[in-house]
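Read through the structure below, which is laid out as structure tokens, and then see the notes.
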């Protein structure tokens, strides 16, 4: 089992808690990375599909979830979510993305929100994780091809301008990610500064699965401390400071207004 970064563990712990009271259904994940969110959803009884622009990412995902794919519970495709023929997609209960929307121009981000709205069932929910706090812009944003870091207000603008009501909004990973940020920036600059020469689309494709020692990959012995039990105090601290404007990650849940209206 791979050892995950502390920030990733904290985000997954929060997502699991939020999903506890939502009946499992069908999901679309855009930008699955190494598949940690898909893994959590599948463990909780969900079924669905993931899309990513990078073929290597999808190859690794398909290998990791070969049993679930064979059982018909899951699939993964190398596709641009924004370009797929909408008629070929089934409506789902959940559309989720983690560190995706910040890679999109303003127009494309609006298109992402609108397409998601069209594909959600009447009880459908969008969940998003985005990088936050523009004051903390750094090398990682540059090498990943980000257009922006979000604030609470800009998340509310993104959702509100596209007909969504935000049901829940919280900052995550504070303060541990902020404490580790200088080290993170050093490791990323040393390992990935060559990515600055890539095109924006190449940066986006390369951002899904990365190999930066002590940043995204860790020796197995560190699983003794990098696990959800050991990090539980940091999880409580994360929740206590969920309203901090210095949080480096924002989590939101949003419901399209037309779907909300239908349910009333």
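The values are calculated or read from the model by the stated rules, or taken from the named source; none is laboratory data. Bear in mind the structure is a predicted one, so any value in this text is a computation, not a measurement. With ideal geometry, Cβ positions are generated from the backbone for all residues, glycine too; neighbour counts draw on all protein chains shown.
Annotations for the structure displayed:
- Every residue from the stretch 23-51 that is buried (at least 21 other Cβ atoms within 10 Å of the Cβ), in contact (Cβ under 8 Å) with a residue 60 or more places away in the chain and more than 22 Å from residue 167 (Cα to Cα): 31, 32, 33
- Filter result for residue 93 (at pLDDT below 95 and within 20 Å of residue 254 (Cβ to Cβ)): no
- Selection from the stretch 195-216 of residues that are surrounded by 15 or more Cβ atoms within 10 Å (Cβ to Cβ), touching a residue at least 60 places away in the same chain (Cβ under 8 Å) and either touching a strand residue (DSSP E or B) at 6+ places or on another chain (Cβ under 6 Å) or over 21 Å from residue 175 (Cα atoms) (or both): 203, 204, 205, 206, 207, 208, 209
- Scanning the stretch 175-191 for residues that are under 14 Å from residue 140 (Cβ atoms) and either free of Cβ contacts under 8 Å to residues at least 12 places away in the same chain or over 21 Å from the mean Cα position of the chain (by Cα) (or both) yields 182, 183, 186, 187, 189, 190, 191.
- Some residue of the stretch 6-22 being outside any helix (DSSP H, G or I), under 17 Å from the mean Cα position of the chain (by Cα) and either crowded, with 22+ Cβ neighbours inside 10 Å or in contact (Cβ under 8 Å) with a residue 12 or more places away in the chain (or both): no
- Filter result for residue 142 (surrounded by fewer than 21 Cβ atoms within 10 Å (Cβ to Cβ) and without any contact (Cβ under 8 Å) to a residue 24 or more places away in the chain): no
- Any hit, the stretch 60-74, residues being part of a helix (DSSP H, G or I), surrounded by 20 or more Cβ atoms within 10 Å (Cβ to Cβ) and at pLDDT 95 or above: yes
- Helices (runs of 4 or more DSSP H) contained in the stretch 195-264 and holding at least 2 residues modelled with pLDDT under 95 and either closer than 28 Å to residue 54 by Cβ or touching a helix residue (DSSP H, G or I) at 6+ places or on another chain (Cβ under 7 Å) (or both): 200-206
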